[in-house]
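So the structure is just underneath, and the comments pick up after that.
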Amino acid sequence: KDERSRFWTVYQKVASQHDDEFLEQYGGDMDIVLIFSGLFSAVNTAFIATMEPSDATTTDALLTQIITLMVMNSHGTPITDTYLLPAPPAYSNGQIWFQTLAYASLSFSLLAAFGAVLGKQW
């Protein structure tokens, strides 16, 4: 055997060992990132869902409006356009900032999970 074939045999053995150690170490790290980002996204999504206005308020206002219009119609009272839905709730600057941060953190968490999946598939 010549020196070149021996070099490549040793090189392949050392490189394979290094690659295996690298993949084992960082594969575990990516698993941790996936677990953490999944749990964080679930909790963050629950907080975001509780910040949304309740549909029950709109439903109650619509039902009240329908009943009022039916009563007015049965009594022969003219129906006017004064019966409108209540205005949507006004959010304070603090609530807007909090929602912005919540959505941004959810986006970054999902981006981290996407990066970890790409890293594991590579």
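Throughout, read-outs are computed from the coordinates displayed, never taken from laboratory work. Since we're looking at a predicted model, the values are computed, not measured. Cβ sites come from the backbone with ideal geometry, for glycine too, and all protein chains shown count toward neighbours.
Here each label is just a point 7 Å from Cα along the line to Cβ, and for residue 64 and residue 4 those points are 8.9 nm apart. Three principal axis extents of the chain based on alpha-carbon atoms, in descending order, are 109, 29, 19 Å. Between residue 73 and residue 11, full extension at 0.36 nm per residue minus the direct alpha carbon distance yields a gain of 13.2 nm.
Measuring between their Cα centroids, the range 8-77 and the range 97-122 lie 10 Å from each other.
Placing unit charges on each Cβ (+1 for Lys and Arg, -1 for Asp and Glu) gives the range 10-76 a dipole about its Cα centre, and among 15, 40, 56 the Cα reaching farthest toward its positive end belongs to 56.
Near residue 28: Cβ cut-off under 12 Å, other residues only, Lys/Arg at +1 and Asp/Glu at -1. The net charge is -3. This model, with +1 at the C-beta of Lys and Arg and -1 at the C-beta of Asp and Glu, gives the range 11-122 a dipole about its Cα centre of some 240 debye.
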